1. Take D94 and decide whether it is more than 20 Å from A30 (Cα to Cα) and modelled with pLDDT under 95.
2. List, please: which pairs have Cβ atoms under 7 Å, are six or more places apart or on different chains, and start with a residue in the range 140-152 that is within 16 Å of I127 (Cα to Cα) and touching a residue at least 24 places away in the same chain (Cβ under 8 Å) and end with one that is surrounded by 12 or more Cβ atoms within 10 Å (Cβ to Cβ) and of a type in the set (D, E)?
3. Which of the residues that make up the range 97-112 are within 16 Å of A54 (Cα to Cα) and either at pLDDT 95 or above or in contact with a Leu (Cβ under 9 Å, 6 or more places away or on another chain) (or both)?
4. Could you run through the range 77-92 and say how many residues are of a type outside the set (A, V, I, L, M, F, W, C), out of contact with any helix residue (DSSP H, G or I) (no Cβ under 7 Å at 6 or more places or on another chain) and under 22 Å from L121 (Cβ atoms)?
5. Among the residues of the range 126-162, count how many are surrounded by 16 or more Cβ atoms within 10 Å (Cβ to Cβ) and either of a type in the set (A, V, I, L, M, F, W, C) or farther than 25 Å from D94 by Cβ (or both).
6. If you scan the range 66-105, which residues turn out to be closer than 13 Å to T130 by Cα and acidic (D, E)?
7. If we keep just the residues of the range 50-83 that are of a type in the set (S, T, N, Q) and in contact with a Leu (Cβ under 9 Å, 6 or more places away or on another chain), which is nearest to S146 (Cα to Cα)?
8. List the number of the failed condition for S119; all other conditions in (1) outside any helix (DSSP H, G or I); (2) touching a residue at least 40 places away in the same chain (Cβ under 8 Å); (3) small (G, A, S); (4) surrounded by 19 or more Cβ atoms within 10 Å (Cβ to Cβ) hold.
Amino acid sequence: MKLIRILWILFFLGSVASLQAQELKVGKTAPDFTFITAEGESRKLSSYRGKPVALHFWTTWCGPCIQELPLIAALSTAKAQDLTVLAVNCAEPDQTVSSFLEKRRLKLKVVMDKDYQISRLYAIDAIPQTYMIDAAGIIRSIQVGSYTQRGLNRDVSALLEG
């Protein structure tokens, strides 16, 4: 069942990804989207302009995501003054996500992408995937697959120095 779910998601996302991949490149403006915060407020990605953003796509059933999320959560805490980390969960129930984070004691700003609209907008064809977006809303790096601590430090340093 899980394999069928994974294959369907990859097929669905991949069909849209090829159309938008040409638009999503380093140096291009990050596509804007609206989401609801955990507090029930409506926000736009563009409302974070003026501060860099790490936009991280993940799920609770993805092995590499599970291994990487502690790095992302630590980044969110360590760089809270300089960087906004938005952890975009790809179409899972709220309770599944909250239980997962609580069990692992991870604190993240989670964006619930219930219908894959954000994932399609960002041409997500593999998870985890992270977009580093500068204070002006320009994509500065794209990481497909898990970050190592070294790679994450490199991209965050470049983002904050740039």
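The values are calculated or read from the model by the stated rules, or taken from the named source; none is laboratory data. Predicted model only: the values in this text are computed from it and were never measured. Don't worry about glycine lacking a Cβ; one is built from the backbone with ideal geometry, like all the others, and counts go over all protein chains shown.
1. The answer is yes for D94.
2. Filtered contacts from the range 140-152: S141/D155; S146/E68; Y147/E68.
3. The answer is K107, L108, K109, V110, V111.
4. Residues flagged as of a type outside the set (A, V, I, L, M, F, W, C), out of contact with any helix residue (DSSP H, G or I) (no Cβ under 7 Å at 6 or more places or on another chain) and under 22 Å from L121 (Cβ atoms) within the range 77-92 amount to 1.
5. The number of residues fulfilling the criteria is 16.
6. Matches in the range 66-105: E68 only.
7. The qualifying residue nearest to S146 (Cα to Cα) is T60.
8. (1)
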